[in-house]
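Enquirer: Structure in structure tokens, see below.
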Amino acid sequence: MQLHDVHQGIQRRKRRKRVGRGPGSGHGKTATKGHKGHSSRQGFKMNPLSEGGGQPLIRRVPKRGFNNGAFKKHFVVLNLHLLESKFEAGSEVTREILRQRLIVKGQIKDGIKILGDGELTKPLVVTADGFSKSAIAKIVQAGGKAIDRKTGKELTPVSAAS
């Protein structure tokens, strides 16, 4: 092989196969679909999972374990250091305010959950759908309140169930 032969015959863009364009093309008459049968008919679409009579992959692979995907909760997660930097002392933090200030963008599926990462030095009244135990402890320690949005009850560090 010579150096000038290395890229011989390699094309940058391969031309698409034009089927059904006469006998001279080599793909005329039946347009590579064969004779008769439903796969030769107009509008035929093959199921991409079909394996032609073989056992499908989804049935060949054993099922193991448990998948709770249909019931999984999808929370928008916010940490305390974010609330510390975005809010003044004594202010109220709700879903609507977080949306107005563009802290939470996009769709809120199952609610907003506050996690305890970072320090909180300001007293804030935080209303959310979920809190971690450390977040509740830090909010109360800073002189604020953690309020469950569903029940409207104030949470204390001991009663952190969510």
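Readers should treat all values here as calculations from the given coordinates under stated rules, not as data from a laboratory. Keep in mind that this is a model prediction, so the values were computed, not measured. Because the Cβ atoms are built from the backbone with ideal geometry, glycine has one as well, and the counts that use them run over all protein chains shown.
Enquirer: Looking at this structure, is residue 52 within 30 Å of residue 113 (Cα to Cα) and out of contact with any helix residue (DSSP H, G or I) (no Cβ under 7 Å at 6 or more places or on another chain)?
Expert: Criteria not met by residue 52.
Enquirer: Let me ask something else. Sort through 88, 51, 84 and tell me the only one that's among the acidic types (Asp, Glu), surrounded by 10 or more Cβ atoms within 10 Å (Cβ to Cβ) and part of a loop (DSSP other than H, G, I, E, B).
Expert: Criteria check complete, one pass: 51.
Enquirer: Sticking with this one: Which count do you get for residues in the range 131-156 that are in contact with a helix residue (DSSP H, G or I) (Cβ under 6 Å, 6 or more places away or on another chain) and surrounded by fewer than 16 Cβ atoms within 10 Å (Cβ to Cβ)?
Expert: 0
Enquirer: With respect to the numbered conditions (1) more than 27 Å from the chain's Cα centre (by Cα); (2) closer than 18 Å to residue 158 by Cα; (3) not hydrophobic (A, V, I, L, M, F, W, C), which one is the sole condition not fulfilled by residue 121?
Expert: Just one mismatch for residue 121, condition (2).
Enquirer: Would you tally the residues in the range 91-143 being more than 15 Å from residue 75 (Cβ to Cβ), in a loop (DSSP other than H, G, I, E, B) and of a type in the set (A, V, I, L, M)?
Expert: Qualifying residue count for the region: 4.
Enquirer: Sticking with this one: Search the range 63-74 for residues that are in contact (Cβ under 8 Å) with a residue 12 or more places away in the chain and of a type in the set (D, E, K, R) and pair each with any residue that is part of a loop (DSSP other than H, G, I, E, B) and surrounded by 10 or more Cβ atoms within 10 Å (Cβ to Cβ) when their beta-carbon atoms are under 7 Å apart and the residues are at least 6 apart or on different chains.
Expert: These pairs meet every condition: 73/110.
Enquirer: Might you let me know whether the range 27-42 holds any residue that is touching a residue at least 24 places away in the same chain (Cβ under 8 Å) and among the polar types (S, T, N, Q)?
Expert: No, that holds for no residue.
Enquirer: Let me ask you something else. What are the pairs with Cβ atoms under 6 angstrom where one residue, in the range 88-111, is on the phi > 0 side of the Ramachandran plot and the other, located anywhere, is part of a loop (DSSP other than H, G, I, E, B) and of a type in the set (Asp, Glu)? Sequence gap at least six, or different chains.
Expert: 111/129
Enquirer: Restricting the search to the range 113-130, which residues are touching a helix residue (DSSP H, G or I) at 6+ places or on another chain (Cβ under 8 Å) and within 16 Å of residue 84 (Cβ to Cβ)?
Expert: Of everything in the range 113-130, those that are touching a helix residue (DSSP H, G or I) at 6+ places or on another chain (Cβ under 8 Å) and within 16 Å of residue 84 (Cβ to Cβ) turn out to be 114, 115, 116, 117, 118, 119, 120, 121, 122, 124, 126, 128.
Enquirer: Could you list, in sequence order, the residues of the range 144-162 that are outside any strand (DSSP E or B) and closer than 26 Å to residue 71 by Cβ?
Expert: Answer for the range 144-162, where residues must be outside any strand (DSSP E or B) and closer than 26 Å to residue 71 by Cβ: 149, 150, 151, 152, 153, 159, 160, 161, 162.
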